[in-house]
Every structure is written in structure tokens, then in C-alpha cells.
Amino acid sequence: MELPKMVAAVQAGVPGAVQQVSYWVGDWTVIVAVDRLLDVMRFLKDDASTLFDYCSDVTAADWPPREKRFDVVYCLYSTRLRHRLRVKVRVGEEDPVESVTQLWPAADWLEREVYDQFGIDIVNHPDLRRILMPEQWQGYPQRKDYPLEGPGELLMENPQDWLRLRNLPDEAGAGADADIEIE
């Protein structure tokens, strides 16, 4: 299969950044060096041959046998040129990844989810904190080494702590939204 112009443009526009190119089920994927991620993403957004104006998803995959066990995956779409591209970076447990929120603000919560579920540090993120799990949660549930039954201990023994955490009223009706009934 012939390499599309958008992939060739990235290879020419950001020399040495693309480590691998693959095609699967109708979509192209480029794996780029983590230290060149922002250069590649800026090029993909701004270059006339690519014009990726929409970051539709940011996710991760855990491959524990590998030294760089995580793939951070960015799904991009050009609404003008109607093409898609997946961009991946491979990182180890302690390796940070640069935030792309300066290019696509919609990546904000998506990057927070990657941090929350995999523990991947997203540097220069405007508000990096847990988004699905409570702040006190131990571990990262989407890692393949995470225990299937959870962390093995109750982090909050008092159910009222969960209500306060979620800012919901308790049974007595106290709380920020006391007029809401919980059944």
C-alpha cells in the first residue's frame, strides 16, 4: 500500500520524529519519539497537507512485557480534508508525555483520563488530576498489573465519605444539594 501524502509530509516536515508507520483496517498509524510529540502534533495541526483540527480521542494501552510498556494513542481527524491518523508514543512507567491541550483544548479531559486510569504523567497539563476515581484512590485500574478485585482494602469505610466526596446529600438531607432525593 502506498504511503499517504499526510504521512510522507510528517516524515519530511519533522525529520527523525517518526519511528514506525503502519496501516490497519483503513487507518494509518505513526509511532513518534516521545520527545518530538509536540513538534509532530503542531505540524499535523498547522501544515496545509494535513490540517488535523480535531483530536477525537486520547487513550492508552498497557503492554507489560515491553520495557516501554505504555502506548499513548492520539486519534486525529481533519474536518477540511476528511482524513484520519493515529499518533502513538511509547513510554515507560516513569516517562512523562507532553500535553497537547495547547493545540487541542478538547484533549484536556481525555489526558486526565489517561493519567487517572494508567498513571501516565502528562506534563504541562492545565489541571492534571483524577477524573473518574476519587483523589485518594490507590493505583491505576487500567494497568494490566492492577488487581482484578481492586486494591484489596476499603479506602473509605464510612459510606457518608463517598457522598461528601461526590458532593451529594446524605440520608438526612445535608449537603450542597439538599433538595435532591437519593433512593
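Observations on the model:
- Residue count for the stretch 42-58 satisfying the condition of being more than 12 Å from L76 (Cα to Cα) and in a strand (DSSP E or B): 0.
- Unmet criterion (only one of (1) assigned to a helix (DSSP H, G or I); (2) within 27 Å of I131 (Cα to Cα); (3) in contact (Cβ under 8 Å) with a residue 12 or more places away in the chain) for D39: (2)
- Taken residue by residue, the stretch 151-160 has no member that is modelled with pLDDT of 95 or more and either of a type in the set (D, E, K, R) or over 29 Å from Y77 (Cβ atoms) (or both).
- Q117 among the polar types (S, T, N, Q) and outside any loop (DSSP other than H, G, I, E, B): yes
- In the stretch 69-85, residue farthest from W24 (Cα to Cα) [restricted to those that are at pLDDT 95 or above and not in a strand (DSSP E or B)]: R80
- Hey, G119 on the phi > 0 side of the Ramachandran plot and crowded, with 16+ Cβ neighbours inside 10 Å or not: yes
- Residues that are surrounded by 20 or more Cβ atoms within 10 Å (Cβ to Cβ) and over 13 Å from the mean Cα position of the chain (by Cα) within the stretch 83-97 comprise just one, L85.
The values are calculated or read from the model by the stated rules, or taken from the named source; none is laboratory data. Keep in mind it's a predicted model, so treat the numbers as computed, not measured. Cβ atoms come from the backbone with ideal geometry, glycine included; neighbour counts cover every protein chain shown.
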